[in-house]
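The values are calculated or read from the model by the stated rules, or taken from the named source; none is laboratory data. Fair warning: this is a prediction, and the values are worked out from it, not measured in the lab. All Cβ positions, even for glycine, are placed from backbone atoms using ideal geometry, and neighbour counts span all protein chains on display.
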Amino acid sequence: MNRPVDILRAQNVTKRFGGVHALDGVDFTVAKGEIRGLIGPNGSGKTTLFNVLTGYVAPTSGSIELLGRSVTSKKPHELSRSGIARTFQHIELFKGMTVLENITVAAQCRSRARLFGVLARLPAVNAEEKAFKDRAEKELIFVGIDTLKDSIAQDLAYGQQRLVEIARALATDPEILLLDEPAAGMNPTEKQTLAALIRKIRDRGITVILIEHDMKMVVNLADRITVLDCGKKLAEDGPREIQENKAVIEAYLGGNIKMQAAESKYAGVSAGEKPVLSLNNIDGCYGAVHVLKNITFSVARGEFVALIGANGAGKTTLLKTISGMLPPRSGSIEYEGQRIEHMSSDRLVRRGLVHVPEGRGIFPALTVRENIMMGAFLRKDKAGIAADYEHVLDLFPRLRERIGQQGGSLSGGEQQMLAIARALMSKPKLLLLDEPSMGLSPKLVEEVLEVVRKIHEEGRTVLLVEQNAKAALNVADRAFVIETGELVLEGSASDLLHNPKVKNAYLGG
Amino acid sequence: MRTLSAKTRNLTTLAVILLFGVGSQFLIGDPYVSHVLILGGIYGLLAIGLNIVTGFCGQINLGMAGFYAIGSYTSAILSVRYGFGFWPAFLISILSSTLVGVVIGFPALKVRGGVYLVLITTSFAGIIQTVLNQWVGLTNGPMGIVGIPAPSIFKHQISTLQDWLVLVYALVLIAALAAIRIERSRIGRSLIAVRESETSAQSLGINLAFYKVLAFALSAAFAGAAGSLYAHYMTTISPDIYSFSTSVLVLMMIVVGGVGSIPGSIIGGIIVSVLPELLRPLNELQMIVYSLLIVLSTIYLRKGIMGLGIDTARFFRRTLSVRRNDEQAR
């Protein structure tokens, strides 16, 4: 049997950002003509791998070969000319240009510009110009958006913008096309069209590498799937095998953290008491994408609630909506009996509703002490601040050891602790935590969540958003599962821990 | 469809500007009006240059006075000291300014973010002005250079204001056409791509370094031409003309005229020089009203005067087509 030719061979690729290993010795080989799925939880290094392969990020070590030639640490424009094209997770169109112009820019990438020819308007330049336009129109027809060619790119709907990006990448005449979450924000019909398009691209002889969180789509499309977790290659196999792979399921749902399954300390909302937080029919949008649909739930005083769901399900948007960073499109939010859906974040912080954002958002140039004290920015009581400061350091002894270091020099887990410590300084009554486990090793996840539970036991209400379902269900009282912007399951944490439907919500059943 | 209308739009605007610029002398006949319009045309050249680097490529440049000065002094020194004719001096001015543009383009590559670019370009212009003041042996210091000869074309001495109007606006026309050709070519598309998204421009094979340096060099070329013309027209130049406020004035021209629009640049150049004169009857209020108008135009005409024209046209077209669609729907 003929072994297929390897078109792309990345060996032992490592990328460190500060102390964090975004990629750790990854070997990644793709055969010509295949569709390769690249999946993994948030922060597992998928986009970093794309950035290394396309020259946006230089690897700390390791080598990359394209069609047998070494392309390690070449610049993005050189790699583009040698046959790698890509799209971006956050759409990067030339917004003010028409669709046709967007793609024409790509069509001209293989030939050189001549200033004199342009100024003199030489016939050769005119002919070239026509060839670019023809090429661009051909790609528009191929992708199926030729009727939009004269629209301004930023006026298009989200799904259409994604297609323009694909057409633009195709116009560079690539050997390999890297698609970074092309289906994000698309509706089911658009996703079907996209899947058909990706097959058509492969039929043209172009190798496709696909990062995608819609597991159904990846499983249906990919010939093989590579799974990354914490910067390492966790598995590489056919789609069916990946779906059954124990290690993969654990990576998605979170490892078996050794904590006693939380017995529900939560006794239900007592009849007279009003919930601390309640959401009513919240609809929300992120840019043009409708990400929250009719969300209704409430959190009682002193409760520890987890909100779990796969990447892109709308968890972060929901937290941002609660903490006043994104206004909801419709619906109402009550906090301590008051409507807050149009209140600004700083006013909510004064009332004790504090949000620890995803990705931590610490101040890298300030010391650990300064970072923590930033959390007391709105407070005036010196004695109280000093007491809380000591208390916070008791909760996180690791931070005490590093009190004089710059925030940016901490490891990912320590930065997460710092972010939580800072939030505690503003005396929260309701603490919103967005993916504290992101990018952390299982050991650290355990450590961080242990502290979160302590914080909760001190009497604070906690709303925890997590992708790592098992870890979250182990510490919370009650949980909701969110899937594509809708709450699909609700129950006590211990029940959900054994509910097979949770796995379906993640791995597309 | 759209490309055609953009083309005709550009050409019509250019034609109107030229008719207005050259025709005014013959219609109004006031020498002062002509003088202001000639300066307006020279400013227009500067603004076209800035539009290439800032309007197309998105790289802020507050050092246009520096390139303008290099054009003026090259031309002045060559023709006064070494007896060069106008055309050779003019071309060498463009070349020397372009070369300096390349040199400035390189440090500009190293910085990310407009703030640093503002610092680099303003310091560059500041250095040039200091050199003009201090290097007395070459530039005659603060006294400036006097007696710069008038050009002659085909043995015809350019001496009257009419001659100057024709010469300046002919060069403005050539410059505008060249800039529009660049804009509508693959080079222009690449420059605009760099402005719109550096991230994806790279992924499409665009060498950011090359196009940023090219943008600085091209803009310097136009500034060099403007500087040379200015020196020969005024016959006297001195360092104080090439100050920071001149650079800001050029930025104001493209903002008023419409960032990214070549005809807009020329209109901006003319307005910035004509408007203070129109407001002269207001006496002490003149500069206040002038500044106020400029501020208002930056707030309300975000795409400049060209943008206002285009938006108005689009508004009418859209209302008409909506009505047509409604009728079809019925």
Restricted to region B:144-176 and to residues being in a strand (DSSP E or B) and not polar (S, T, N, Q), the residue modelled with the highest pLDDT is B:Ile145
For this session: Test A:Phe132 against the criterion of being in a loop (DSSP other than H, G, I, E, B), over 23 Å from A:Thr226 (Cβ atoms), facing another protein chain (nearest Cβ under 10 Å) and of a type in the set (Phe, Trp, Tyr), and give yes or no.
Result: no
Scanning region A:66-85 for residues that are out of contact with any Leu (no Cβ under 8 Å at 6 or more places or on another chain) and part of a strand (DSSP E or B), the one surrounded by the fewest Cβ atoms within 10 Å (Cβ to Cβ) turns out to be A:Arg69
For region A:335-386 the number of residues that are under 25 Å from A:Gln416 (Cβ atoms), of a type in the set (Gly, Ala, Ser) and either touching a residue at least 60 places away in the same chain (Cβ under 8 Å) or in contact with a Cys (Cβ under 7 Å, 6 or more places away or on another chain) (or both) is 2
**Message:** With the structure loaded, tell me whether B:Thr121 is surrounded by 15 or more Cβ atoms within 10 Å (Cβ to Cβ) and over 21 Å from B:Leu78 (Cα atoms) or whether it fails that test.
**Reply:** yes
Residues in region A:42-80 that are within 11 Å of chain B (Cβ to nearest Cβ), touching a residue at least 60 places away in the same chain (Cβ under 8 Å) and more than 22 Å from A:Asp214 (Cβ to Cβ) total 2
So for region A:143-166 (the condition being within 12 Å of chain B (Cβ to nearest Cβ), out of contact with any Ser or Thr (no Cβ under 8 Å at 6 or more places or on another chain) and of a type in the set (Gly, Ala, Ser)), does at least one residue qualify?
no
Given (1) over 35 Å from the mean Cα position of the chain (by Cα); (2) part of a helix (DSSP H, G or I), A:Ala113 misses just (2)
Subset of region A:106-124, residues facing another protein chain (nearest Cβ under 7 Å) and either without any contact (Cβ under 8 Å) to a residue 24 or more places away in the chain or among the acidic types (Asp, Glu) (or both), comes to A:Ala113, A:Leu115, A:Val118, A:Leu119, A:Arg121
Checking B:Val274, B:Val259 in turn, the sole residue that is part of a loop (DSSP other than H, G, I, E, B) and touching a Gly at 6+ places or on another chain (Cβ under 8 Å) turns out to be B:Val259
A careful count of residues in region B:203-222 that are at the interface with chain A (Cβ under 10 Å from one of its Cβ atoms) and over 17 Å from the mean Cα position of the chain (by Cα) gives 9
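Please note which strands (runs of 3 or more DSSP E) are completely contained in region A:265-328 and include at least 1 residues that are among the small types (Gly, Ala, Ser) and at pLDDT below 85.
A:277-286
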Against the condition on the phi > 0 side of the Ramachandran plot and more than 7 Å from chain B (Cβ to nearest Cβ), how does A:Gly83 come out, does it pass?
yes
Looking for something over 30 Å from A:Gly407 (Cβ atoms) and either assigned by TED's automatic domain parsing to the domain that holds A:Asp214 or not aromatic (Phe, Trp, Tyr) (or both) - is there at least one such residue anywhere in region A:42-51? no
_On the basis of being of a type in the set (Ser, Thr, Tyr), closer than 15 Å to A:Ala106 by Cβ, within 11 Å of chain A (Cβ to nearest Cβ) and free of Cβ contacts under 8 Å to residues at least 24 places away in the same chain, does B:Ser200 make the cut?_
yes
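Taking the condition touching an Asp or Glu at 6+ places or on another chain (Cβ under 6 Å) and in a helix (DSSP H, G or I), does A:Phe94 pass?
So A:Phe94 fails the test.
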Within region A:497-509, the residues that are assigned to a helix (DSSP H, G or I) and touching a residue at least 24 places away in the same chain (Cβ under 8 Å) are A:Leu497, A:Val502, A:Lys503, A:Ala505, A:Tyr506, A:Leu507
(Q) Any residue at all in region B:223-243 that's within 14 Å of chain A (Cβ to nearest Cβ) and among the β-branched types (Val, Ile, Thr)? (A) no
In region B:170-197, anything closer than 24 Å to B:Ile42 by Cα and either at the interface with another protein chain (Cβ under 7 Å from one of its Cβ atoms) or hydroxyl-bearing (Ser, Thr, Tyr) (or both) is listed as B:Ala178, B:Arg181, B:Ile182
Within region A:29-54, the residues that are closer than 30 Å to A:Ala313 by Cβ, outside any loop (DSSP other than H, G, I, E, B) and not charged (D, E, K, R) are A:Val30, A:Ile35, A:Gly37, A:Leu38, A:Ile39, A:Thr47, A:Thr48, A:Leu49, A:Phe50, A:Asn51, A:Val52, A:Leu53
Take A:Gly384 and decide whether it is closer than 29 Å to A:Gly337 by Cβ and among the small types (Gly, Ala, Ser).
yes
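Kindly establish whether B:Leu62 is more than 19 Å from B:Ser152 (Cβ to Cβ), at pLDDT 95 or above and touching a helix residue (DSSP H, G or I) at 6+ places or on another chain (Cβ under 8 Å).
Here the answer is no, as B:Leu62 does not meet what is asked.
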Scanning region A:207-233 for residues that are part of a strand (DSSP E or B) and buried (at least 21 other Cβ atoms within 10 Å of the Cβ) gives A:Thr207, A:Val208, A:Ile209, A:Leu210, A:Ile211, A:Ile225, A:Thr226, A:Val227, A:Leu228
**Report entry** Flag if B:Ile237 is touching a Leu at 6+ places or on another chain (Cβ under 8 Å) and buried (at least 24 other Cβ atoms within 10 Å of the Cβ)
**Finding:** no
Among the residues of region A:329-377, the number that are out of contact with any Gly (no Cβ under 8 Å at 6 or more places or on another chain), part of a strand (DSSP E or B) and surrounded by fewer than 17 Cβ atoms within 10 Å (Cβ to Cβ) is 4
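Out of the residues in region A:94-105 meeting the condition of being of a type in the set (A, V, I, L, M, F, W, C) and facing chain B (nearest Cβ under 7 Å), tell me which one is nearest to the chain's Cα centre (by Cα).
It comes out as A:Phe94.
Looking at A:Val125, A:Val57, A:Val118, which is the one that is buried (at least 16 other Cβ atoms within 10 Å of the Cβ), assigned to a loop (DSSP other than H, G, I, E, B) and either modelled with pLDDT of 90 or more or among the β-branched types (Val, Ile, Thr) (or both)? Don't jump to the end; show me each part of the working.
Values: A:Val125 fails: assigned to a loop (DSSP other than H, G, I, E, B); A:Val118 fails: assigned to a loop (DSSP other than H, G, I, E, B).
Testing whether each residue is buried (at least 16 other Cβ atoms within 10 Å of the Cβ), assigned to a loop (DSSP other than H, G, I, E, B) and either modelled with pLDDT of 90 or more or among the β-branched types (Val, Ile, Thr) (or both) leaves just A:Val57.
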Counting only residues that are over 21 Å from B:Val100 (Cβ atoms), touching a Ser or Thr at 6+ places or on another chain (Cβ under 7 Å) and not aliphatic (A, V, I, L, M), region B:122-157 contains a total of 3
